[in-house]
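Asks: Below: one structure in structure tokens.
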Amino acid sequence: MSLSENSNSSSTTKSEFEDNLNVLRQTYFFSGLPLETLKIFAYLCTREKFKDGEYIFQQNEDDGQAFYVLQGKARLERRDNGETAELRECKSGDFIGSLALLGDRPRLFSLKALTDTTCLVLNREKFTKTMEQFPALFPKLIKAVVQRIDTWEERFLMHRPDQCGECMVNLGVSLL
């Protein structure tokens, strides 16, 4: 490798690290953490590319990963009794799967790329090992998740369709 190639590789890595750090700073799950911890997570994240039609994760699997969509579009789906329900589209800026970092749990949904999609990915093992070094930060993460659940439920209540009477009896996640 020539010196110029090595230099270019180093600047690409640094730039990707800085991009990762900026993404994490803007993500609800990580935004309350100190900069030094965010730097560790930014270093541990990987970027993965998924082709149009490829599954990013599948229902009933426990991959232990959280995904931030950097570019592209994906669709959240749920299969029941042989039928697939298309729930919503995820796009650049969406962070999906934070609860997978906190504990073992099979996915309730699948996420399928609708276009070539690039995601920033953090896995549970790396997340857990890092958090073991900073146990005092867990309350900040839990607070972020609780606020997110509360915000989601408030938004649902404000925008609920009148024909969704059955949905209303299943609300109350924020009461857990």
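The values are calculated or read from the model by the stated rules, or taken from the named source; none is laboratory data. Predicted model only: the values in this text are computed from it and were never measured. Glycine gets a Cβ as well: all are built from the backbone with ideal geometry, and neighbour counts include every protein chain shown.
Asks: Listed residues K49, K112; which is without any contact (Cβ under 8 Å) to a residue 60 or more places away in the chain, over 11 Å from the mean Cα position of the chain (by Cα) and over 20 Å from F30 (Cβ atoms)?
Replies: That would be K112, the only listed residue that is without any contact (Cβ under 8 Å) to a residue 60 or more places away in the chain, over 11 Å from the mean Cα position of the chain (by Cα) and over 20 Å from F30 (Cβ atoms).
Asks: Here's a follow-up. So, in segment 24-63, exactly how many residues are within 17 Å of L101 (Cα to Cα) and either touching a Gly at 6+ places or on another chain (Cβ under 9 Å) or of a type in the set (S, T, N, Q) (or both)?
Replies: Going through segment 24-63 one residue at a time, the tally reaches 9.
Asks: For segment 86-133, name all the residues that are hydrophobic (A, V, I, L, M, F, W, C) and closer than 14 Å to N60 by Cα. Even if it seems obvious, please write down each step before you answer.
Replies: First, pick out the residues of segment 86-133 that are hydrophobic (A, V, I, L, M, F, W, C): 87, 90, 95-96, 99-102, 108-109, 111, 113-114, 119-122, 127, 131.
Correct list: A100, L108, F109, L111.
Asks: Conditions: (1) part of a helix (DSSP H, G or I); (2) at pLDDT below 95. S31 meets all but one. Number of the miss?
Replies: (1)
Asks: Inside segment 74-134, counting only strands (runs of 3 or more DSSP E) that do not spill past its ends, which hold 2 or more residues that are among the hydroxyl-bearing types (S, T, Y)? Break it down stepwise before answering.
Replies: On the way: elements: 83-91, 110-113, 117-123.
In segment 74-134, 117-123 are the strands (runs of 3 or more DSSP E) which contain 2 or more residues that are among the hydroxyl-bearing types (S, T, Y).
Asks: Could you say which residue among L157, L114, L120 is of a type outside the set (S, T, N, Q), at pLDDT 95 or above and farther than 19 Å from T37 by Cβ?
Replies: Unique residue meeting the criteria: L114.
Asks: Only residues that are among the aromatic types (F, W, Y) and more than 17 Å from the chain's Cα centre (by Cα): list them for segment 115-156, please.
Replies: Selection gives F134, F138, F156.
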